[in-house]
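Peer 1: What follows is a structure written as structure tokens; I'll ask about it next.
The values are calculated or read from the model by the stated rules, or taken from the named source; none is laboratory data. Predicted, not measured: the structure shown is a model, and the values here were computed from it. Heads up, the Cβs are rebuilt from the backbone with ideal geometry, glycines too, and the neighbour counts pull from every protein chain shown.
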Amino acid sequence: MFSRPKLRLFVAGAAAVAVAAALAAPAEVAADDEPAVEPPATVTFTKREKKGGVTEQALISCQVSIDYPHRSTHNPGRANVVSRISCSHFMSSLSLETKLWRAGYVVGTGFHSITGWFALNGNASAPCLSASYQGSAFARVVAPPGYTPSIGTTTVWSPVRWVTC
């Protein structure tokens with residue numbers, strides 16, 4: 001089949017390619033691991049009220065976050081990313097547009113909204129192919145009457161993560 005010098009060269013070349021591929025591959029998040037969460041973005045709202053001749057300031061804080069993209073454990077054969085809004089007070093409305101990106105292209109989207117509540121989860125998923133993925137979520141938060149600003153928006157991005165399917 002191969003003479004000894006060619007066989008050694010072939011094996012050495014294959015080993016070099018394997019090492020280079022391992023070093024170049026991005027970090028992988030296993031499906032059984034809890035997806036890590038990036039530091040959240042914060043949207044704040046304020047309201048000034050006079051009570052008994054004293055001006056008080058009310059504050060509402062909303063945290064917007066996104067998990068790392070990962071292989072879905074509840075829907076086999078799919079890659080998934082989960083986003084969240086969590087506020088310190090009931091809001092007029094919350095909405096999340098979550099996107100899953102693979103190799104720079106949007107491969108999954110999800111839109112979720114709720115009124116009169118303080119929290120919302122969203123997600124996007126797509127058929128799973130072993131590749132680099134990234135998640136993004138655009139959040140729109142509408143404050144209760146009297147708060148400034150009346151509407152807050154932000155976009156959060158996950159890091160790029162390699163997902164093996």
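Peer 1: Kindly check whether there is at least one residue in the range 96-113 that is farther than 30 Å from CYS165 by Cα, in a strand (DSSP E or B) and not small (Gly, Ala, Ser).
Peer 2: The answer is no, given that none of the residues of the range 96-113 is farther than 30 Å from CYS165 by Cα, in a strand (DSSP E or B) and not small (Gly, Ala, Ser).
Peer 1: Now, a different point. Identify, from the list ALA137, ALA126, the residue that is over 13 Å from the mean Cα position of the chain (by Cα), buried (at least 19 other Cβ atoms within 10 Å of the Cβ) and assigned to a strand (DSSP E or B).
Peer 2: Step by step, each of ALA137, ALA126 is checked, and only ALA126 is over 13 Å from the mean Cα position of the chain (by Cα), buried (at least 19 other Cβ atoms within 10 Å of the Cβ) and assigned to a strand (DSSP E or B).
For (1) polar (S, T, N, Q); (2) farther than 19 Å from THR44 by Cα; (3) touching a Leu at 6+ places or on another chain (Cβ under 7 Å), each residue gets a yes or a no:
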| residue | (1), (2), (3) |
| --- | --- |
| VAL81 | no, yes, yes |
| TRP101 | no, yes, no |
| TYR105 | no, yes, no |
| SER136 | yes, yes, no |
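Peer 1: Is it the case, given these coordinates, that GLY146 is farther than 28 Å from GLY77 by Cα and outside any strand (DSSP E or B)?
Peer 2: Answer is yes for this residue.
Peer 1: Of all residues being within 9 Å of ALA137 (Cβ to Cβ) and not polar (S, T, N, Q) in the range 87-109, which is surrounded by the most Cβ atoms within 10 Å (Cβ to Cβ)? Just the residue, please.
Peer 2: Across the range 87-109, the extreme among qualifying residues is LEU96.
Peer 1: What number of residues within the range 140-165 are polar (S, T, N, Q) and under 14 Å from the mean Cα position of the chain (by Cα)?
Peer 2: Result for the range 140-165: 3.
Here's the yes/no breakdown for (1) exposed (fewer than 11 other Cβ atoms within 10 Å of the Cβ); (2) β-branched (Val, Ile, Thr); (3) more than 30 Å from SER95 (Cβ to Cβ); (4) modelled with pLDDT of 90 or more:
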| position | (1), (2), (3), (4) |
| --- | --- |
| VAL29 | no, yes, no, no |
| VAL43 | no, yes, no, no |
| GLY53 | yes, no, yes, no |
| ALA58 | no, no, no, no |
| HIS70 | no, no, no, yes |
| ILE85 | no, yes, no, yes |
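Peer 1: May I pose another question? Tally time: how many residues in the range 46-105 are polar (S, T, N, Q), touching a residue at least 40 places away in the same chain (Cβ under 8 Å) and closer than 15 Å to GLY146 by Cα?
Peer 2: Residues meeting the conditions: 3.
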